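Colleague: Handing you a structure now.
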Amino acid sequence: IASRRQEHRVALSVRAPDANGPAGVQGRQPLPIGAGAVDVCLISTVLHDFVEEGVADRALEEVARVLKPKGLLAIVEFKKIEGPPGPSVRIRLSPEEVERWVLPHGFVSLRSRVLGPYNYLVIFEKT
């Protein structure tokens, strides 16, 4: 039997886009987790896909719902530069663009960090 912590980790995993279909959060259904039950959520290199598909607001609303007050949201994205790895620079998000998407959902930005030559991290706290 999986522990409650393991269940939350699985439920919040986000599938990256592949040949079988677009990115999604649990099939775009509400997560099977109660409101305010999660301490930390990681969205890694897929927010740009959610924006491109028009589902970013829905995904962020659901993250805000399941996070505890003062819970953390960590977002890793590709730097807005040409190249592989990653998607076309046309759909990449700058740290400022990530903030513009996340802040309206009840978060404050705490800090950001460069993660090597291709990625960055922005950490938010739920208010």
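The values are calculated or read from the model by the stated rules, or taken from the named source; none is laboratory data. Keep in mind the model is a prediction, meaning the values are calculated, not measured. As a convention, Cβ positions derive from the backbone with ideal geometry for all residues, glycine included, and neighbour counts pool all protein chains shown. SASA here: full protein model, heavy atoms, side chains in, ligands and nucleic acids out. Shrake-Rupley method; radii C 1.70, N 1.55, O 1.52, S 1.80 Å.
Colleague: For the range 81-127, which positions are among the small types (Gly, Ala, Ser) and either over 15 Å from the mean Cα position of the chain (by Cα) or at negative phi (or both)?
Modeller: Gly83, Gly86, Ser88, Ser94, Ser109, Ser112, Gly116
Colleague: May I pose another question? Which members of the range 88-105 meet the condition of being open to solvent by 30 Å² or more (accessible area, probe 1.4 Å), within 20 Å of Glu61 (Cβ to Cβ) and not acidic (Asp, Glu)?
Modeller: Listed by number, the residues that qualify are Arg100, Trp101, Leu103, Pro104, His105.
Colleague: Something else now. Search the range 94-119 for residues that are closer than 16 Å to Lys68 by Cα and pair each with any residue that is assigned to a loop (DSSP other than H, G, I, E, B) and modelled with pLDDT of 95 or more when their beta-carbon atoms are under 9 Å apart and the residues are at least 6 apart or on different chains.
Modeller: Qualifying pairs under 9 Å: Gly106/Thr127; Phe107/Thr127; Val108/Thr127.
Colleague: Within the group Pro85, Pro69, which residue is open to solvent by 30 Å² or more (accessible area, probe 1.4 Å), assigned to a loop (DSSP other than H, G, I, E, B) and of a type outside the set (Lys, Arg)?
Modeller: Pro85
Colleague: Here is a further query. Can you tell me which residue is surrounded by the fewest Cβ atoms within 10 Å (Cβ to Cβ) among those in the range 1-59 that are at pLDDT 95 or above and part of a strand (DSSP E or B)?
Modeller: Asp39
Colleague: Still on this structure, I have one more. If we scan the range 106-115, do we find a residue that is of a type in the set (D, E, K, R), more than 23 Å from Val55 (Cβ to Cβ), open to solvent by 80 Å² or more (accessible area, probe 1.4 Å) and not in a loop (DSSP other than H, G, I, E, B)?
Modeller: Yes, the range 106-115 contains at least one residue that is of a type in the set (D, E, K, R), more than 23 Å from Val55 (Cβ to Cβ), open to solvent by 80 Å² or more (accessible area, probe 1.4 Å) and not in a loop (DSSP other than H, G, I, E, B).
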